[in-house]
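One structure is given here, and the rest of the page talks about it.
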Amino acid sequence: MENWTMGLWQVCVVQEEGGTQCKDFESFLALPAELRISRILMFLSNGLGLLGLLASGFGLDCLRVGETRPGLKKGLLILGGTVFWAAGAATLVPVSWVAHVTVQEFWDETMPEIMPRWEFGEALFLGWSAGFSLLLGGCLLNCVACTTQAAPAPGPYAVVETQCHRQHLEMKKARLKV
């Protein structure tokens, strides 16, 4: 009994006795179209995930980046959530596409019995969970950024903002008296 699994980077055969043999693909251009496009989309997903992490990280309240510009942190959180959502979609598309092709080829009646029947590997399930986690994280970031009102930052910036506001109110009172 052998189980054949094909991933984006290698083909593995898992034998019943417990031995596993894997062989890397030798050429990118010799791969089927779904694997070539899937590799490109997974690279895109990794890049988008990194950009989303950076954007949402700079949008956190614990960092002092851009506190003087109102709405910047909220915009960074929304951008990070949107980019996470795009990374999740870029992960789910190739994983689901490869799963669809695998199921089609497994039940293909025209293939001779000698040919190996490909099965789902562990990476496919990890890809689905990662894609759904990225979608969920992006949606949560966008929901939190859009529904909460940002509190004034504690520390020296809040004191300066309060003093400026007090001076503004005192100037208004002085104008009213005159």
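The values are calculated or read from the model by the stated rules, or taken from the named source; none is laboratory data. What you see is a predicted model; the values in this text were computed from it and never measured. Every residue, glycine as well, gets a Cβ built from its backbone with ideal geometry; the counts of neighbours run over all protein chains shown. Just so you know, the surface numbers come from the protein's heavy atoms only, side chains and all, with ligands and any DNA or RNA stripped out. Shrake-Rupley method; radii C 1.70, N 1.55, O 1.52, S 1.80 Å.
For the range 56-93, the list of trypsin sites (Lys or Arg not before Pro) that fall in a loop by DSSP and count at most 14 other C-beta atoms within 10 angstrom reads ARG64. In this rough spin-label picture, where each label sits 7 Å from Cα along the Cβ direction, the PHE28-LEU72 distance is 3.8 nm.
Suppose the chain between LEU50 and GLU17 were pulled fully straight at 0.36 nm per residue; how much longer would it get relative to their current alpha carbon spacing? Intermediate values should be presented prior to the final figure.
Details: separation 33, 0.36 × 33 = 11.88 nm, distance 4.05 nm.
Full-extension gain reported as 7.8 nm.
A probe of 1.4 angstrom, applied to the heavy atoms of all protein chains, finds PHE120 with accessible area near 80 square angstrom. Solvent exposure of ASP61, expressed as accessible area, is near 120 Å², computed with a probe of 1.4 Å over the protein chains only. The GluC sites (Glu not before Pro) of the range 22-127 meeting both criteria, a DSSP state outside H, G, I, E and B (loop) and at most 14 other C-beta atoms within 10 angstrom of the site's C-beta, are GLU26, GLU109, GLU113.
Rolling a 1.4 angstrom probe over the protein heavy atoms, how many square angstrom per residue are accessible across the range 1-148? Present the calculation step by step, with values, prior to reporting the outcome.
Details: 9540 Å² over 148 residues.
So the range 1-148 comes to 64 Å² accessible per residue, rounded to a whole number.
The slack between TRP107 and LEU126, meaning 0.36 nm per residue of separation minus the straight C-alpha distance, is 4.5 nm.
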